[in-house]
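Asker: Can you read through this structure? Questions will come right after.
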Amino acid sequence: MNPTASQSSIVSITNVTKDYTLGKVVVPALRGVDLEVHAGEFISIAGPSGSGKTTLLNLIGCVDTATGGVVRVAGQDTKQLTERQLTNLRLNTIGFIFQSFNLVQVLSVFQNVEFPLLLQRKLDKAQRRERVMQLLEQVGLASHAKHRPNELSGGQRQRVAVARALVTRPQLVLADEPTANLDSVTGQNIIDLMKELNQKEGTTFIFSTHDAKVMSHANAVVRLADGNFLDRISAAEASRAMAAGGH
Amino acid sequence: MGQLRLLLQVAFRNLFSSKINLLIGGIIFFGTLLVVVGGALMDSMDSAMSRSIIGSVAGHIQVYSDDSKDPLALYGSMSGEPDLAALDDFSQLRPFLEKHPNVKTVVPLGTSGAIVTSGNTVDLTLSNLRALYKKRDEAGETPELRESIDSVKGHVRQMVNLMADQTAKSEQELGGAQKDPAEVEALARARTDAFWDAFEEAPYSALELLENRIAPQIPDGDMLELRYAGTDLDAFQRTFDRMEIVDGQPVPTGQRGMLLSKFFYEEFLKMKSALRLDHIKQERDLNQKTIATDPDLQRWVKENQTQTREIIFQLDPVKTRKMVERLQKLLGSQEPALDKLLTQFFTTDDANFDTRYAQFYSELAPLLELYRLRMGDVLTITAFTRTGYMQSVNVKVYGTYQFKGLEKSAMAGALSLMDLMSFRDLYGYLTADKKAELAEIQKQSGVEALSRDEAEEALFGEASDNELVAEATSSDVDDQAAFIGDQGALTRENLLQRVYTQQEIEQGVALSAAVMLKDPELLEQTMVELRQAAKDAGLKLRVVSWQEAAGIIGQFVLLGKLVLYFAVFIIFVVALVIINNAMMMATMQRVREVGTMRAIGAQRSFILGMVLVETLVLGLVFGSAGSLVGSGIMALLNSAGIPAGNEALYFFFSGPRLFPTLSASNLVAAFVIVLGVSAISTLYPAFLATRVSPLQAMQTDE
Ligand SMILES: Nc1ncnc2c1ncn2[C@@H]1O[C@H](COP(=O)(O)OP(=O)(O)OP(=O)(O)O)[C@@H](O)[C@H]1O
Ligand SMILES: [Mg+2]
């Protein structure tokens, strides 16, 4: 890796391994993965079930730690950071979109989106309001600000989650199978929304998916197989490969 | 700010979102309710009882001799009267105690118990008759006197007849085995016309037969246990201002005399039939019991129906006739027999009771002596002195007294009051009078110097020949006058009349001093200071609070409080465990939510804050609800009052009803306890919540 490349990388992963231990059995989930993700990319991680997609995203998202190798997020080696610093990194640099939306049920749509801003304590009330409403408008839910999550459809919930992930203007948004719980049309809409935000705000997106259609929006597809980095290909190549693989 | 508001919002919204929270809330609600109501009740009872104890006899502080073997127990202890050493000179103790700026008044006290013999109706009537004959012997016969003698004689004859009838009846029923033939014979003789015809010829020997052979066959002569407090009666009245005279009058300043407790007077000296009517009335009116349903009331009615002898014996022939007439009119009956009429009259049920009760007091009572002792009578009190001799003292009963609000309390009514002089006599200490008497003996018996022991024996001795001490019944007095001589009799007469100076009252023995304080709040501090002062002055004194001085009674409320607090403790330990477990479950249920928050950037401290705020809100909301309902209950109880139910409780309630009040401290205590318990019980679950990994957010279980 040349240093300039690593400087423009928002995520830089070098020879990362991850072992899970189940009792006495050691399950290798990642077996030495290298990956560079540059700012503004819209990257999909693909691979069969159990190939390590979720594991890799968790490492990038600083919610888990690698067994070996180096994970750098926004230039920082996550191994060197304390629990508090990791949390702050997640709060300020990373946005999360979950497969099952993970909204706080007792809070309104507005409050869910506002939540990370409150944790940040950077904006005052009026500023927060403006920012939240701006995002709700972008995801098309401004009129639902006062609703509770359980009053929304799955697609709407995931839009709220997208708004929440982006409200702090993170450099990087991670989404592990964001469309898996949605029908294909709705899933498509979510990916379109993400792509739109990627292009407008320049936010980097890394998401995993099984869905070839979803994959097709990506700048690049990183393929994993059995815990190994297989290749990094274009979306078109990926859909061809998937069509060929019958999957 | 925003965060806190968010946390509060989350907390409030979570409040009713899960059943677990409702469970915890329920526990907190009832816990608070219990602490508020229970605590307020206990406090109210505590202060009511302390008012009872302080206001009746104890004062705030009691001071007594440190040489005492037992601790002071004003209401008696399990093992009888405590063995106390005397305070030799109260007149020196008082100024010492009054030196303390917080001491308001000091009253000398000595409590003790004695046996009072109250002769039975036959005894009293006979002694009455004997007195009339004596009067005739002294002053000569007048027509009025003759009439009185005949009337009393008729009364005695009627009693003898009644006794004979009853003996015959019980003989039929029981087969008549146990009777002493001499007694049977005496009764038979006393019934004959010959006996009564010959009465006037030798009245004293006839009386003797009646007194020695007939009267003892009546079993209702009572030995009453009387507890009394010897005190400076004026100072006592001034200090314990709840005290009020009910019958009679106060003992004149400086004189010997006694004030019976109204309770004692009613319970033990009132005619049983009347007392039972009173009891029934009270239970019906106060406690809403009915004769139809309550076994106690039924028993009293039954006893009144069967035990009419006490009434019948009281009546001479004239009064008997009147009574029969009145009863016939009241009952609309032609029945000539008084006992049958009485039985019919006392056959009461819930419908006629109130009428009969009123009729008894308006129609029948005027013909009766309702009490065995009248105000102004002289009571003979026999007690064991400190040294173990039997000692009797005659004290004039001036009146009865009670403590306002404690009229029905056996505990507050346990003590009758007596002047200090009589008390000292009974307790076996040399009073100035006794010393003078002793000097008299020495002069008469020609003994130059008696040792103190001998002197005491002479003065207080039971079986000594020196019958110096007046004994009970007036009939004996003449016989003893021979032994004692005119002078002795005079002395006794004088004793009852004599007016003692304040100095005489105070210069002498007391067993303890009751101390009233200006500021009761400073009780503990004052006690400490008095102890120190006593130590500095070289006085061997024990200084105890009213609570200690009350002995077992004082421990009652303490015990009640302990029980309550123990119950509260148990409840809260259980609550602690339940809340803890419930919170753990609640946390487990929210693992994904917490994980999500952690993933999107919430620090552990935020999670901790969230759980704690939720518990706090839970505690405050349900705690407030509990306190609110508790306050409501207390307000209700305060306006309605809790009926004491039975007389024993009067003392603890400081009256027939307890009007409990809720103090701010009860509410504060409830809140502190509730919030403390809920905070403690969430600590571990809260800790667990902070350990939830952000990885948990990735669980896909929807
Ligand atoms: N918490 C865990 N404990 C033990 N083994 C785990 C754990 N998480 C993942 N694994 C194992 O690690 C390997 C990679 O799992 P991972 O969840 O990353 O796969 P994935 O590509 O996300 O699969 P999928 O498409 O099914 O989501 C698998 O073999 C899996 O069984
Ligand atoms: Mg996965």
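The values are calculated or read from the model by the stated rules, or taken from the named source; none is laboratory data. On a predicted model such as this, the values are computed, not experimentally measured, just so you know. Note that we place each Cβ from the backbone using ideal geometry, even for glycine, and neighbour counts take in every protein chain shown. Ligands, DNA and RNA are excluded from the accessible area calculation, which covers all protein heavy atoms including side chains. Shrake-Rupley method; radii C 1.70, N 1.55, O 1.52, S 1.80 Å.
Asker: Being charged (D, E, K, R) and either crowded, with 19+ Cβ neighbours inside 10 Å or more than 9 Å from chain B (Cβ to nearest Cβ) (or both) is the filter here; which residues of region A:107-132 pass it? Even if it seems obvious, please write down each step before you answer.
Answerer: Here is the first cut: in region A:107-132, the residues charged (D, E, K, R) are A:114, A:121-122, A:124-125, A:128-131.
If the condition is that a residue be charged (D, E, K, R) and either crowded, with 19+ Cβ neighbours inside 10 Å or more than 9 Å from chain B (Cβ to nearest Cβ) (or both), then A:Glu114, A:Lys122, A:Arg128, A:Arg129, A:Glu130, A:Arg131 are the ones that fit.
Asker: Kindly state which helices (runs of 4 or more DSSP H) lie completely within region B:540-607 and contain at least 3 residues that are within 14 Å of another protein chain (Cβ to nearest Cβ).
Answerer: Values: elements: B:546-549, B:552-589, B:591-599.
Ranges flagged: B:591-599.
Asker: Ok, one more. So the check is Cβ under 9 Å with 6+ separation or different chains; which pairs have a first residue in region A:81-97 that's within 8 Å of chain B (Cβ to nearest Cβ) and a second one that's among the acidic types (Asp, Glu)?
Answerer: From residues that are within 8 Å of chain B (Cβ to nearest Cβ), the pairs are A:Phe96/A:Asp176.
Yes/no per residue for (1) more than 57 Å from the chain's Cα centre (by Cα); (2) buried (at least 20 other Cβ atoms within 10 Å of the Cβ):
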| site | (1), (2) |
| --- | --- |
| B:Ala599 | yes, yes |
| B:Met634 | no, yes |
| B:Pro660 | no, yes |
| B:Val668 | no, no |
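Asker: Separate question: So A:Val104 fits all but one of (1) in a loop (DSSP other than H, G, I, E, B); (2) touching a residue at least 40 places away in the same chain (Cβ under 8 Å); (3) more than 7 Å from every other protein chain (Cβ to nearest Cβ); what number is the exception?
Answerer: (3)
Asker: For region A:80-88, indicate whether the set of residues that are within 16 Å of ligand 1 (Cβ to nearest atom) and open to solvent by less than 30 Å² (accessible area, probe 1.4 Å) is non-empty. Show your work before the answer.
Answerer: First, pick out the residues of region A:80-88 that are within 16 Å of ligand 1 (Cβ to nearest atom): none.
Checked region A:80-88: no residue is within 16 Å of ligand 1 (Cβ to nearest atom) and open to solvent by less than 30 Å² (accessible area, probe 1.4 Å).
Asker: How many residues, within region B:678-700, are polar (S, T, N, Q) and more than 14 Å from chain A (Cβ to nearest Cβ)?
Answerer: 3
Asker: What are the residues in region A:59-79 that are among the β-branched types (Val, Ile, Thr) and either open to solvent by less than 60 Å² (accessible area, probe 1.4 Å) or within 16 Å of ligand 2 (Cβ to nearest atom) (or both), if any?
Answerer: Step one: of region A:59-79, the residues among the β-branched types (Val, Ile, Thr) are A:60, A:63, A:65, A:67, A:70-71, A:73, A:78.
Matches in region A:59-79: A:Ile60, A:Val63, A:Val70, A:Val71, A:Val73, A:Thr78.
Asker: Can you tell me which condition A:Thr179 does not meet? The list is (1) within 16 Å of ligand 1 (Cβ to nearest atom); (2) in contact (Cβ under 8 Å) with a residue 60 or more places away in the chain; (3) within 14 Å of chain B (Cβ to nearest Cβ), and all the others hold.
Answerer: Checking A:Thr179 against (1) within 16 Å of ligand 1 (Cβ to nearest atom); (2) in contact (Cβ under 8 Å) with a residue 60 or more places away in the chain; (3) within 14 Å of chain B (Cβ to nearest Cβ), the one that fails is (2).
Asker: Also, I was wondering about something else. Name the residue, out of B:Ser333, B:Ser392, B:Ser362, that is touching a residue at least 60 places away in the same chain (Cβ under 8 Å), among the hydroxyl-bearing types (Ser, Thr, Tyr) and not assigned by TED's automatic domain parsing to the domain that holds B:Thr125.
Answerer: On the way: B:Ser333 fails: touching a residue at least 60 places away in the same chain (Cβ under 8 Å); B:Ser362 fails: touching a residue at least 60 places away in the same chain (Cβ under 8 Å).
Unique residue meeting the criteria: B:Ser392.
Asker: Within region B:35-61, how many residues are over 19 Å from B:Ser416 (Cβ atoms) and not aliphatic (A, V, I, L, M)?
Answerer: Looking only at that region, the number is 9.
Asker: Among the listed residues A:Leu135, A:Leu56, A:Leu141, which satisfies the condition of being over 21 Å from B:Ser605 (Cα atoms), open to solvent by less than 20 Å² (accessible area, probe 1.4 Å) and within 16 Å of ligand 2 (Cβ to nearest atom)?
Answerer: Values: A:Leu135 fails: within 16 Å of ligand 2 (Cβ to nearest atom); A:Leu141 fails: within 16 Å of ligand 2 (Cβ to nearest atom).
Exactly one residue qualifies, and that residue is A:Leu56.
Asker: Check region B:682-702 and report whether any residue there is away from ligand 1 (no atom under 16 Å from the Cβ) and under 21 Å from the mean Cα position of the chain (by Cα).
Answerer: No, every residue in region B:682-702 fails to be away from ligand 1 (no atom under 16 Å from the Cβ) and under 21 Å from the mean Cα position of the chain (by Cα).
Asker: Here is a follow-up. Would you mind listing the strands (runs of 3 or more DSSP E) fully within region A:1-73 where at least 3 residues are under 17 Å from A:Val222 (Cβ atoms) and within 12 Å of ligand 1 (Cβ to nearest atom)? So that I can check it myself, show each step before the final result.
Answerer: On the way: elements: A:9-22, A:25-38, A:42-46, A:68-73.
Strands (runs of 3 or more DSSP E) meeting the threshold: A:25-38.
Asker: Something else: Please indicate, with yes or no, whether at least one residue in region A:53-62 is away from chain B (no Cβ under 14 Å), of a type in the set (S, T, N, Q) and at negative phi.
Answerer: Of all residues in region A:53-62, those away from chain B (no Cβ under 14 Å) come to none.
No: zero hits.
Asker: Against the conditions (1) within 14 Å of another protein chain (Cβ to nearest Cβ); (2) free of Cβ contacts under 8 Å to residues at least 40 places away in the same chain; (3) within 16 Å of ligand 2 (Cβ to nearest atom); (4) not hydroxyl-bearing (Ser, Thr, Tyr), where does A:Val27 fall short? Just the number, please.
Answerer: (1)
Asker: Of the residues B:Arg284, B:Arg238, B:Arg276, only one is in a helix (DSSP H, G or I) and touching an Asp or Glu at 6+ places or on another chain (Cβ under 7 Å); which? First the steps, then the outcome.
Answerer: Working: B:Arg284 fails: touching an Asp or Glu at 6+ places or on another chain (Cβ under 7 Å); B:Arg238 fails: touching an Asp or Glu at 6+ places or on another chain (Cβ under 7 Å).
None of the others qualify; the one that does is B:Arg276.
Asker: Suppose we keep only residues that are touching a residue at least 40 places away in the same chain (Cβ under 8 Å) and among the aliphatic types (A, V, I, L, M) within region A:219-239. Which one would you say is nearest to ligand 2 (Cβ to nearest atom)?
Answerer: Filtering region A:219-239 for residues that are touching a residue at least 40 places away in the same chain (Cβ under 8 Å) and among the aliphatic types (A, V, I, L, M), the one nearest to ligand 2 (Cβ to nearest atom) comes out as A:Leu224.
Listed here are the residues, each with its yes/no results for (1) under 25 Å from A:Lys122 (Cα atoms); (2) outside any loop (DSSP other than H, G, I, E, B); (3) more than 16 Å from ligand 2 (Cβ to nearest atom).
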position	(1), (2), (3)
A:Asn150	no, yes, yes
A:Arg159	yes, yes, yes
A:Ala163	yes, yes, yes
A:Arg169	yes, no, yes
A:Thr179	no, no, no
A:Thr186	no, yes, yes
